[in-house]
Amino acid sequence: MNFELAEQSIQYTFGNKRYTNGLKSRMIKNVKRGAAAEDLKKVGQAIAGLQEDSLDDVILV
């Protein structure tokens, strides 16, 4: 059985006391297949910095 990756997304979980349960997740769709893990982490850290949040989790889907 052969499988082919059709679409790739990433889920970032941000932490801040202003969110319910202290966490908020954001899903970004259509992530480039060859994107490096370190680059995806940098994007999450940049978003977290703009929101004054912590980056608590990154999941590639």
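General observations
- Axis of helix 37-51 versus longest Cα principal axis of the chain: the two differ by about 30°, to the nearest ten degrees.
- Solvent-accessible area, 1.4 Å probe, carbon plus sulfur percent, for the range 10-60: 51 percent
- Multiplying the residue separation of Met27 and Ala46 by 0.36 nm and removing their Cα-Cα distance gives an extension gain of 5.3 nm.
- The structure shown yields Rg and Dmax of the Cα atoms in Å, and of the options (i) 13.2, 47; (ii) 10.4, 28; (iii) 27.3, 97 that calculated value carries the label (i).
- For the chain, accessible area per residue (1.4 Å probe, heavy atoms of protein chains only), Å²: 78 Å²
- Close amide-amide hydrogen proximity is noted between Leu23 and Asn16, each under 5 Å apart and 5 or more residues distant or on a separate chain (H modeled in the peptide plane; Pro and chain starts excluded).
The values are calculated or read from the model by the stated rules, or taken from the named source; none is laboratory data. Fair warning: this is a prediction, and the values are worked out from it, not measured in the lab. These area figures cover heavy atoms from the full protein model, side chains too; ligands, DNA and RNA do not enter into them. Shrake-Rupley method; radii C 1.70, N 1.55, O 1.52, S 1.80 Å.
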